[in-house]
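**Student:** Before we start, here is the structure in question, set down as structure tokens.
The values are calculated or read from the model by the stated rules, or taken from the named source; none is laboratory data. Everything numeric here is computed off the predicted structure, so don't read it as measured data. Ideal geometry is used to build each Cβ from the backbone, glycine not excepted, and the neighbour counts take in all protein chains shown.
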Amino acid sequence: MTQAIRPQPGIMDIALYVGGDAHVPGQANALKLSSNENPFGPSDRAKEAYSRAVHQLHRYPSTDHGPLRQAIGEVHNLDPDRIICGVGSDEILTFLCQAYAGPGDEVVFTEHGFLMYRISALAVGATPVEVPERERVTDVDAVLAACSYRTRLVFIANPNNPTGTMISTSEIERLADGLPPQAILVLDGAYAEYVEGHDGGAALATVRDNVFMTRTFSKIYGLGGLRIGWGYGPRSIVDVLNRIRGPFNLSSAQLDTAEAAVRDQDWVAKCRADNTRMRGWLAHALAEMGVPSDTSMANFVLARFASADEAEACDAHLKSQGLIVRRVTSYKLPQALRITVGDQSACRRVAHAVAQWKGMR
Ligand SMILES: Cc1ncc(COP(=O)(O)O)c(C=O)c1O
């Protein structure tokens, strides 16, 4: 690169996002529990829609995502005109930063918040502001204290990744109430479907001018490989985001598959019930072996060890047994491992391997 050619300020401060490992050298059938994917994959109806999409590959997709927004609106009882769809919810987070933050502006998120908040803020030249959590739980008072006239966006994942913890709707309301007038509260609901009866912040985003919600098809819908997400909030914000969205950001295969997936709520309910059962089982099994975790509301458990060395050693043992979990040092949790809740046999394998490592088996 010549001296004259240089990227925008902030870009070189971005640490490359490293996803969960997918392979272990020498282990052909390793089990991936490192990216919070649904062990059961997508519903049959979603898979059928994807197969049918092959017949329309020569056609450009719809630019307004009408049928998908309509389906999401019907299922969640939301106004489709206030919904925007993107290439994963990551793209919606990116749009929010592009549209509302720039050099001199601040983007606030919590200590163990999702890595893309920092990346998206730096990518537009804004300043990331990281707020301490209280024992791995979002601390609303600390977030409010970190806000100023420079704050443009506040990202809160609820439940949070990688902690799995959640704060109450009244705490979220208190946060929305206390924000400076130019700031938008973004409620990231990537794991909202795992919480029975939780609307991900939709009701709040319906009535507040300063609250926006993001959701994904990558987790409970089992479509991480296809990259589809959506956002919902004030009409004025959706209008702004649509101006920077590429007209063909989603392919017809993505749109049709997501539409079929969201209409199959029986599959969602089955996956939620299985996850709740196996998450409780896994957390309990680990706790019995002296490996604690906070009460997780998502599809993973954040297992805590006495030290970073112990976490590393346990991770190495799990890998040797063909089990890939996630080290979360980049989330400032070097002494922990994030373990996706798999199916029953996966959870049993994890518990068995941790017991072996502990010398209990
Ligand atoms: C909290 C949170 N938000 C957003 C995302 C992004 O999801 P996607 O871009 O796949 O929709 C993830 C993915 O892991 C996440 O954990």
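**Student:** Can you tell me which residues in the stretch 59-91 are among the small types (Gly, Ala, Ser) and either within 15 Å of the ligand (Cβ to nearest atom) or touching a residue at least 12 places away in the same chain (Cβ under 8 Å) (or both)? Break it down into steps so the answer makes sense when it comes.
**Tutor:** Step one: list which residues in the stretch 59-91 are among the small types (Gly, Ala, Ser), which gives 62, 66, 71, 73, 86, 88-89.
Those that are among the small types (Gly, Ala, Ser) and either within 15 Å of the ligand (Cβ to nearest atom) or touching a residue at least 12 places away in the same chain (Cβ under 8 Å) (or both): Ser62, Gly66, Ala71, Gly86, Gly88, Ser89.
**Student:** Condition first: surrounded by fewer than 16 Cβ atoms within 10 Å (Cβ to Cβ), polar (S, T, N, Q) and under 15 Å from Asp343 (Cβ atoms). Now tell me which residues in the stretch 1-46 satisfy that.
**Tutor:** If the condition is that a residue be surrounded by fewer than 16 Cβ atoms within 10 Å (Cβ to Cβ), polar (S, T, N, Q) and under 15 Å from Asp343 (Cβ atoms), then Asn29 is the only one that fits.
**Student:** For the stretch 136-175, give me each residue that is among the small types (Gly, Ala, Ser) and crowded, with 17+ Cβ neighbours inside 10 Å.
**Tutor:** Hits for the stretch 136-175 are Ala146, Ala157, Gly164.
**Student:** What number of residues within the stretch 210-232 are within 24 Å of Asp141 (Cα to Cα), in contact (Cβ under 8 Å) with a residue 40 or more places away in the chain and more than 11 Å from the ligand (Cβ to nearest atom)?
**Tutor:** Qualifying residue count for the region: 1.
**Student:** Surrounded by fewer than 20 Cβ atoms within 10 Å (Cβ to Cβ) and of a type in the set (S, T, N, Q): is that true of Ser62 in this structure?
**Tutor:** It is true that Ser62 is surrounded by fewer than 20 Cβ atoms within 10 Å (Cβ to Cβ) and of a type in the set (S, T, N, Q).
**Student:** Ok, one more. What's the number of the only condition in (1) touching a strand residue (DSSP E or B) at 6+ places or on another chain (Cβ under 9 Å); (2) without any contact (Cβ under 8 Å) to a residue 24 or more places away in the chain that Arg134 fails to meet?
**Tutor:** (1)
**Student:** Report the residue count in the stretch 3-14 for those that are more than 12 Å from Ala121 (Cα to Cα), at pLDDT 85 or above and not charged (D, E, K, R).
**Tutor:** Residues flagged as more than 12 Å from Ala121 (Cα to Cα), at pLDDT 85 or above and not charged (D, E, K, R) within the stretch 3-14 amount to 5.
**Student:** Let me ask you something else. Taking the condition more than 11 Å from the ligand (Cβ to nearest atom) and at pLDDT 95 or above, does Ala157 pass? Break it down stepwise before answering.
**Tutor:** Numbers: more than 11 Å from the ligand (Cβ to nearest atom): no; at pLDDT 95 or above: yes.
It is false that Ala157 is more than 11 Å from the ligand (Cβ to nearest atom) and at pLDDT 95 or above.
**Student:** For the stretch 259-288, give me each residue that is touching a Cys at 6+ places or on another chain (Cβ under 8 Å) and surrounded by 16 or more Cβ atoms within 10 Å (Cβ to Cβ). Before the answer, list the steps.
**Tutor:** Pass one, the stretch 259-288, residues touching a Cys at 6+ places or on another chain (Cβ under 8 Å): 278, 281-282, 285.
Correct list: Met278, Leu282, Ala285.
**Student:** Restricting attention to the stretch 177-195, does a residue exist that is surrounded by fewer than 21 Cβ atoms within 10 Å (Cβ to Cβ), within 16 Å of the ligand (Cβ to nearest atom) and not charged (D, E, K, R)?
**Tutor:** yes
**Student:** Could we say that Val207 is within 19 Å of Cys97 (Cβ to Cβ), surrounded by fewer than 18 Cβ atoms within 10 Å (Cβ to Cβ) and more than 16 Å from the ligand (Cβ to nearest atom) here?
**Tutor:** No: the conditions fail for Val207.
**Student:** Before we move on, is Asp256 out of contact with any helix residue (DSSP H, G or I) (no Cβ under 7 Å at 6 or more places or on another chain), more than 16 Å from the ligand (Cβ to nearest atom) and among the acidic types (Asp, Glu)? So that I can check it myself, show each step before the final result.
**Tutor:** Working: out of contact with any helix residue (DSSP H, G or I) (no Cβ under 7 Å at 6 or more places or on another chain): no; more than 16 Å from the ligand (Cβ to nearest atom): yes; among the acidic types (Asp, Glu): yes.
No; evaluated as a whole, the condition is false for this residue.
**Student:** Run down Leu93, Leu122, Leu68, Leu57 and say which single residue is hydrophobic (A, V, I, L, M, F, W, C) and surrounded by fewer than 18 Cβ atoms within 10 Å (Cβ to Cβ).
**Tutor:** Exactly one residue qualifies, and that residue is Leu57.
**Student:** Within the stretch 276-292, does at least one residue satisfy the condition of being under 27 Å from Leu93 (Cα atoms) and either within 23 Å of the chain's Cα centre (by Cα) or modelled with pLDDT under 95 (or both)?
**Tutor:** Taking every residue of the stretch 276-292 in turn, none turns out to be under 27 Å from Leu93 (Cα atoms) and either within 23 Å of the chain's Cα centre (by Cα) or modelled with pLDDT under 95 (or both).
**Student:** Which count do you get for residues in the stretch 132-142 that are within 16 Å of the ligand (Cβ to nearest atom) and not acidic (Asp, Glu)?
**Tutor:** Just the residues of the stretch 132-142 that are within 16 Å of the ligand (Cβ to nearest atom), to begin with: 133, 136-138.
Next, from what is left, pick out any that are not acidic (Asp, Glu): 136-138.
Residues meeting the conditions: 3.
**Student:** Suppose we keep only residues that are over 20 Å from Gly246 (Cα atoms) and among the aliphatic types (A, V, I, L, M) within the stretch 46-80. Which one would you say is farthest from the chain's Cα centre (by Cα)?
**Tutor:** Among residues in the stretch 46-80 that are over 20 Å from Gly246 (Cα atoms) and among the aliphatic types (A, V, I, L, M), the one farthest from the chain's Cα centre (by Cα) is Val54.
**Student:** I'd like to know if the stretch 29-41 contains one or more residues that are more than 16 Å from the ligand (Cβ to nearest atom) and without any contact (Cβ under 8 Å) to a residue 60 or more places away in the chain.
**Tutor:** no
**Student:** Among the residues of the stretch 263-271, is there at least one that is over 22 Å from Arg338 (Cβ atoms), within 15 Å of the ligand (Cβ to nearest atom) and not acidic (Asp, Glu)? I'd like the intermediate steps shown before the answer.
**Tutor:** Step one: list which residues in the stretch 263-271 are over 22 Å from Arg338 (Cβ atoms), which gives 263-270.
From what is left, the residues that are within 15 Å of the ligand (Cβ to nearest atom) are none.
No; the residues of the stretch 263-271 include none that is over 22 Å from Arg338 (Cβ atoms), within 15 Å of the ligand (Cβ to nearest atom) and not acidic (Asp, Glu).
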